[in-house]
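Taken together, the values in this text are just the output of simple stated rules run on the coordinates, not laboratory data. What you are looking at is a predicted structure, and each value in this text was computed from that prediction instead of being measured. Reconstructed Cβ throughout: ideal geometry from the backbone, glycine too, with neighbour counts over all protein chains shown.
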Amino acid sequence: MADWLKKYMLMHKNIPVADIELDTVSGAVFSVGPVWEAAHVPVGIPVKSGTVDRKAFNEWWRGRSIPASRMGIREALMELKISDTCLLLEKSLGLSLSDQYWIRPAGSGLLWEKVNFFQNPFSEDVGNILFGKGEVSEAVSLMSPDNTSDGWLKKKWKIIEGKRCLIKGGSGAAWQEPYNEVLASRIMDRLRISHVSYALITEEDYPYSLCEDFITEDTELISAWHLLQTSKKPNHVSLYRHYLDCCNKFGIRGAECAVNRMLVLDFIIANEDRHLNNFGAVRRADTLEFLGMAPIYDSGTSLWFDKPLPMIHAKANVICKPFKNSHTEQIKLVTDFSWLDFSALKGIDEEFREIIGDSLFIDGARCSALCRALSGRIEMLEEIVRKGKSRIFVDSTKNDVAENIAYSGSLKHRK
Ligand SMILES: Nc1ncnc2c1ncn2[C@@H]1O[C@H](COP(=O)(O)OP(=O)(O)OP(=O)(O)O)[C@@H](O)[C@H]1O
Ligand SMILES: [Mg+2]
C-alpha cells in the first residue's frame with residue numbers, strides 16, 4: 001500500500017460502519033467500503049447496493065473540518081505547520097462533541113470509551129492556537145474537538161466544572177454576536193422556546209458567548225442540511241414543505257411547531273444566518289431513534305450585527321434564510337401564533353440594554369438604536385399577527401363556515 005494511504009474504520013460509537021482509506025497528504029477520503037452497517041452511515045450519504053457514494057462521503061468528511069472561512073484559520077494552520085484543516089481531523093480521529101462518528105486506525109481495536117471527548121479530557125492547545133494564543137512546541141497535542149468545529153466565528157471547546165462548553169467570539173468592530181446570543185436566549189426563555197442557553201463571559205477585554213454542549217454521549221445533532229439530503233426535493237414542493245416532509249419521514253415529532261418558533265424568533269431578531277446547518281434534529285446514536293428537534297442554537301448573526309448605526313432600524317432590509325429571502329415573506333410560513341405571548345416580551349429592550357451594559361464595543365448610541373429597533377421588530381410582528389387574526393375574523397363574518405375552514409386550512413398548509 002502506498003505510504004500516503006492509511007486504513008481506518010469509520011465508527012459510530014463502537015459500531016463499525018465502513019472501511020475507509022485516507023489520503024494522508026490531502027486529508028481526503030481515498031476509498032470507502034465495504035460497508036458493515038448501512039443504517040449507521042451518516043444521514044444524507046447515499047448507499048446503493050452496499051456501496052457508499054464516495055463524493056458525498058468526502059463532502060461529509062470535509063464538512064467535519066474547520067471551514068476555510070474560519071477567522072484566523074490561516075494563521076493557526078501556519079503556526080501548526082499543517083496545510084489543510086482536513087489534516088487536523090485525522091489527528092483527533094475525527095471525534096466531535098456534536099455527534100458520535102470517528103475513525104479507528106485499522107487493526108487498533110480502540111474503543112469509543114477510551115477516546116471520545118464526552119467522557120475523556122481533551123487538549124486546549126488547538127483552541128488556544130485558534131484564539132491566537134499559545135506557542136506551538138513539541139508538546140502540543142492535537143487531540144481536540146476544536147478540529148471538528150464548524151462555523152466562521154472564532155470558537156473553542158473547554159471543560160468547565162466537568163461540563164463541555166463552547167466559547168464563541170464576535171466579529172467586526174461591534175463584536176456584537178455574543179450579546180445577541182444572550183439576548184436570543186432571554187427572548188426564548190420568555191417565550192418558552194426550547195433553546196441552548198448562552199451566557200456572556202469576558203477574556204482579555206473581549207466578550208464571548210458561552211454555552212453548554214446540548215449533545216451527550218448518547219445523542220447527536222443531525223442538521224437540516226443532512227436531513228434534506230435524504231430525498232430529492234420535487235420541483236413543485238417548497239423547501240419549507242420538503243423539510244417538514246423529511247422530518248415526518250424520520251418520525252421526528254414537533255417539527256412544524258419547532259419551525260414556527262424558530263421563524264418567529266428569527267423575525268424578531270432579524271436573523272441573517274439561519275442556514276441549513278444552524279438548526280436540525282437530535283437522535284440517539286446507538287438506536288438511531290430521533291428524539292425531536294434540536295434546541296435553537298447559533299442566533300448571533302442578527303440584530304444588525306454588521307450594520308453601521310444609521311442602518312439600525314426595525315424596517316431595515318436584512319438577509320433572510322433558510323426558506324425565504326425576506327423575513328416578511330418567511331413569517332407567513334408560520335402556521336400557528338396562538339402560543340406567542342407578546343406580553344412576555346415586555347421590557348425585553350431594557351434587558352438588552354442591561355446585557356450590553358458598559359461594553360467596550362457597543363457605545364450608548366448603538367445600544368439605544370438596537371433597543372429601539374428590537375422593540376420595533378416586536379411591534380411589526382404584533383401587527384402581522386393582528387392582521388392575520390382580523391382576516392380570519394372578516395372571513396367568518398361572511399357567515400360562510402366552509403370558506404373559513406378552508407382559509408385556516410390554507411394558513412396551515414401554506415408553502
Ligand atoms: N451547544 C452546542 N452543542 C453541540 N454542538 C454545538 C453547540 N453549539 C454549536 N454546535 C455545533 O457547532 C457548530 C458551529 O457552532 P455555531 O453554529 O454556533 O458557530 P458559528 O461560527 O456561529 O456558525 P456560522 O458559521 O453558522 O455562523 C454548529 O453548527 C453545531 O454543529
Ligand atoms: Mg452556525
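For a label point 7 angstrom out from the Cα of Glu75 toward its Cβ, which stretches of segment 90-133 have the backbone nitrogen within less than 13 Å?
Counting only backbone N, you get 128-133.
Could you sort out which of Lys168/Lys387; Lys91/Lys249; Lys249/Lys315; Lys307/Lys346 sit more than 31 Å apart by Cα distance in this structure? Could the numbers behind the result be given before it?
On the way: Lys168/Lys387 39 Å; Lys91/Lys249 36 Å; Lys249/Lys315 38 Å; Lys307/Lys346 25 Å.
Correct reply: Lys168/Lys387; Lys91/Lys249; Lys249/Lys315.
Using Cα atoms only, what is the angle between the long axis of helix 177-191 and the major principal axis of the chain, expressed in degrees (0 to 90) to the nearest 10?
It is inclined by approximately 60 degrees.
When the helices in the chain are scored as -39500 (n - 2.57) per DSSP H run of 4 or longer and the sum is shared across all residues, what 222 nm value do you end up with, to the nearest 500 deg cm²/dmol? Present the calculation step by step, with values, prior to reporting the outcome.
Numbers: 13 runs with 141 residues, N = 415.
That comes out to -10000 deg cm²/dmol.
How far, in nm, would the chain grow between Glu379 and Leu360 when pulled straight, counting 0.36 nm per residue and subtracting the alpha carbon separation? Walk me through the numbers before you get to the answer.
Details: separation 19, 0.36 × 19 = 6.84 nm, distance 2.94 nm.
Additional length available on full extension: 3.9 nm.
Evaluate the charge dipole of segment 1-123 about its Cα centre and quote only its size in Debye, nearest 20, assuming +1 on the Cβ of each Lys and Arg and -1 on the Cβ of each Asp and Glu. Spell out each step's value before the answer.
Working: 14 positive and 13 negative charges, 15 e Å.
Dipole of segment 1-123, to the nearest 20 debye: 80 debye.
Express in nm, to one decimal, how much length is gained between Ala139 and Leu5 on full extension, taking 0.36 nm for each residue of separation and deducting their alpha carbon distance. Each step should come with its number before you reach the end.
Working: separation 134, 0.36 × 134 = 48.24 nm, distance 2.58 nm.
Gain on stretching Ala139 to Leu5: 45.7 nm.
Between Leu360, Leu374, Leu265, find the one with the highest GNM mean-square fluctuation for the chain; connect C-alpha pairs within less than 10 Å.
Leu360
Pick out which of Tyr179, Tyr206, Tyr297 has the largest mean-square fluctuation in a Gaussian network model of the chain, springs linking Cα atoms closer than 10 Å.
Looking only at Tyr179, Tyr206, Tyr297, the largest GNM fluctuation is found for Tyr206.
When the convex hull of the C-alpha atoms of segment 1-123 is computed, what volume per residue in Å³ does it have?
Values: hull volume 14.5 nm³, N = 123.
In segment 1-123, the Cα hull volume divided by residue count equals 118 Å³.
Residues of segment 177-207 with amide nitrogen under 13 Å from the 7 Å Cα-to-Cβ point of His313?
From segment 177-207, the list is empty.
Starting with the highest mean, order 184-190, 287-293 by the number of other Cβ atoms within 10 Å, averaged over the residues of each peptide. Don't skip to the answer; put the middle values down first.
Values: 184-190: 20.3, 287-293: 15.0.
Descending packing order for the listed peptides: 184-190, 287-293.
For segment 1-98, which trypsin sites (Lys or Arg not before Pro) are in a loop by DSSP, counting at most 12 other Cβ atoms within 10 Å?
Values: sites: Lys6, Lys7, Lys13, Lys48, Arg54, Lys55, Arg62, Arg64, Arg70, Arg74, Lys81, Lys91; in loops: Lys13, Arg64, Arg70, Lys81.
Qualifying residues, ordered by number: Lys81.
Can you tell me the length gained on complete extension of the stretch Val47 to Asp245, counting 0.36 nm per residue apart and subtracting the Cα distance? Intermediate results must be reported in sequence, preceding the final value.
Details: separation 198, 0.36 × 198 = 71.28 nm, distance 2.07 nm.
Net length gain for the segment: 69.2 nm.
Among Leu153, Asn120, Leu183, which residue has its Cα positioned farthest towards the positive end of the charge dipole of segment 120-220, with +1 placed on the Cβ of Lys and Arg, -1 on the Cβ of Asp and Glu, and the dipole taken about the Cα centre?
Farthest towards the positive end: Leu183.
Scaled to the compact-protein estimate 2.2 N^0.38 Å, what is the alpha-carbon radius of gyration of the chain, rounded to two decimal places? Can you show the working numbers first?
Working: Rg = 23.1 Å, N = 415, 2.2 N^0.38 = 21.7 Å.
Normalised by 2.2 N^0.38 Å, the Cα Rg of the chain equals 1.06.
To the nearest 20 Debye, how big is the dipole of segment 102-207 about its Cα centre, given +1 on the beta carbon of each Lys and Arg and -1 on that of each Asp and Glu? All intermediate terms of the calculation are to be shown ahead of the outcome.
Values: 13 positive and 14 negative charges, 101 e Å.
Taking the Cα centre of segment 102-207 as origin, the dipole is about 480 debye.
Pop a pseudo-label 7 angstrom from the Cα along the beta-carbon direction at both Val25 and Ala39 and give the gap in nm to one decimal.
Those two pseudo-labels are separated by 4.1 nm.
Please state the charge dipole magnitude for segment 219-413, taken about the Cα centre, from unit charges on C-beta atoms (+1 on K and R, -1 on D and E), reported in debye and rounded to the nearest 20.
Numbers: 25 positive and 25 negative charges, 137 e Å.
In debye, rounded to 20, segment 219-413 gives about 660.
What residue among Ala369, Ala294, Ala224 shows peak mean-square fluctuation when the chain is described by a Gaussian network model with Cα springs under 10 Å?
Sorting by GNM fluctuation, first place goes to Ala369.
What do you get for GluC sites (Glu not before Pro) in segment 79-165 restricted to DSSP loop and a cutoff of at most 12 other Cβ within 10 Å of the site's Cβ?
Loop-located and lightly packed - Glu135, Glu138, Glu161.
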